[in-house]
Amino acid sequence: MVRSLGPLQSGHVVIIGGGPGGTACALALQRMVAELGREIRITVVEGKQFVGEMHYNQCVGVLSPPLPELLWNHLGVKFPYELYRNAISQYVIHTALEQITLTDKTQHSIALRRVQYDAFMLETVKNRGITVIPARAMDLEFHDEHVVVYTDNSPFEADVIVGAFGMDDGSSAMFNRLTPYRPPHALSSIVTKYHPSPEDMKTFGTSIHAFLPANPKIEFGGVTPKGNHLTINIAGSDVDADLMIAFLNQSEVRAVLPNFNGDIEFDPLELQFYKGRFPRSLARGYYGDRFVLVGDAAGLVRAFKGKGVTSAVLTGIRAAETILKYGISEQAFYNHYCSLNKDITQDLPYGQVMRHFTIFLAHYRLLDPVLRAAKHNPQLQSALFDAVSAHAPYRQVIQQSLHPGIILAVLKAMINKK
């Protein structure tokens, strides 16, 4: 007899991926299972080793509100403030000719090393008695009554699978082959670390410097203080090491980096580059009978600028709620999981509009008058801050930007270049 695809009353949930989405889903499941008085096993399958920082995560590691509240209110986890490197107080936006400093007047974002955060969350999962298998999922078999999960350790059966594998190519290909899942379109990124002297780091301060180059291949770049070093990243449809070198040699970037503002060409051998990807669209088929995907794997992130950790935690919690309260069928995920995530999915089109419009303005050097206008227009400053900090949805940012006073201020700045 086929087991019910309704709310899971007993059985086994397997989560593929032990990052922010996977650990949040595991902890939320455990908490709700205890409240509901059910007997459900939870297993997290994670092949990476976070402890000891043997794995480098390409995420810049700036965690935005309301993540600490999410962890405490929904998972009973105190945010690991002891891991933080900097509280980000300001964002400085740069174009080739202009720059503006925007101050965070509310709750600051937190800069930390992502691999340390991931290690903390996975250790929390283990400490609460949830099984963690140090292995990679190699294959799946979907049956009417269960799913078989094959790993490079041992196989086991599950009632439902949660895919929390981020942009991992192997897991993505596995779901692509076996289900209607099609991965989200992605931007590529190059990340490196630069270690100035302690004095230079102190002088640099706690501001993130965001760059919007005229080069159409680089959609944005950033320099983020992380305690004893600066994390430097660029993103675009297909960025590579040569584009990172070109970015580092731009005068406005060199002016920000300590000891990089001379006439000597940048030596690429001085730094190690890491390449990664993050989604820029919603995945197709990211749920079905006995499976659901969360976070980056589903493309459930804030369009254009990510905010991936907070979105992963949110969607992990929402997947757990759907599994236990509504069901593990495709219909249950469509009716409830998708509905819960409308705050993310309904903002994606606005984020794509903002992305393409920003690329257009940068390419034709029209962002210079925007920054000049913002220096004298608090409303435009607020819109720019929300756009770069991920503190507000893009729909709100666009609505703010279309205010007649802002449009008039930008037009005046285009005429008057002083």
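Summary of computed values
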{"read-out": "Filtered residue count, the stretch 352-386, keeping only those that are touching a helix residue (DSSP H, G or I) at 6+ places or on another chain (Cβ under 6 Å), touching a residue at least 60 places away in the same chain (Cβ under 8 Å) and farther than 18 Å from Ile415 by Cα", "value": "2"}
{"read-out": "Every residue from the stretch 351-378 that is modelled with pLDDT under 90 and not hydrophobic (A, V, I, L, M, F, W, C)", "value": "Gly351, Gln352, Arg355, His356, Thr358, His363, Tyr364, Arg365"}
{"read-out": "Sole exception among (1) under 30 Å from Tyr337 (Cα atoms); (2) over 24 Å from the mean Cα position of the chain (by Cα) for Pro196, by number", "value": "(1)"}
{"read-out": "Residues satisfying the stated conditions in the stretch 86-121, i.e. aliphatic (A, V, I, L, M) and in contact with an Asp or Glu (Cβ under 8 Å, 6 or more places away or on another chain)", "value": "Ile88, Ala96, Leu97, Val115, Ala119"}
{"read-out": "Selection within the stretch 78-134 - of a type in the set (Gly, Ala, Ser) and modelled with pLDDT of 95 or more", "value": "Gly129"}
{"read-out": "Test for Ser172: is it small (Gly, Ala, Ser) and over 26 Å from Ser389 (Cα atoms)", "value": "yes"}
{"read-out": "Subset of the stretch 5-44 that is polar (S, T, N, Q) and either closer than 17 Å to Phe120 by Cα or without any contact (Cβ under 8 Å) to a residue 40 or more places away in the chain (or both) - its residue that is surrounded by the most Cβ atoms within 10 Å (Cβ to Cβ)", "value": "Thr23"}
{"read-out": "Qualifying residue in the stretch 321-337 (condition: within 21 Å of the chain's Cα centre (by Cα), crowded, with 18+ Cβ neighbours inside 10 Å and modelled with pLDDT of 90 or more)", "value": "yes"}
{"read-out": "Answer from Leu293, Leu340 - the residue that is crowded, with 22+ Cβ neighbours inside 10 Å, within 27 Å of Asp168 (Cβ to Cβ) and within 21 Å of the chain's Cα centre (by Cα)", "value": "Leu293"}
{"read-out": "Residues located in the stretch 211-247, provided they are of a type in the set (A, V, I, L, M), free of Cβ contacts under 8 Å to residues at least 40 places away in the same chain and either outside any strand (DSSP E or B) or on the phi > 0 side of the Ramachandran plot (or both)", "value": "Ile218, Ile245, Ala246"}
{"read-out": "First in the stretch 190-210 and in the same structural domain as Leu248 (by TED's automatic domain parsing), second anywhere and polar (S, T, N, Q), Cβ under 6 Å, 6 or more apart", "value": "Val191/Gln58; Val191/Asn233; Lys193/Thr231; Thr206/Asn86; Thr206/Ser89; Ser207/Gln90; Ile208/Thr224"}
{"read-out": "Test for Met201: is it assigned to a loop (DSSP other than H, G, I, E, B) and either on the phi > 0 side of the Ramachandran plot or surrounded by fewer than 21 Cβ atoms within 10 Å (Cβ to Cβ) (or both)", "value": "no"}
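The values are calculated or read from the model by the stated rules, or taken from the named source; none is laboratory data. Here the structure is a predicted model, which means the values were calculated and not measured. For neighbour counting, all protein chains shown are included, and Cβ atoms are generated from backbone atoms with ideal geometry for every residue, glycine included.
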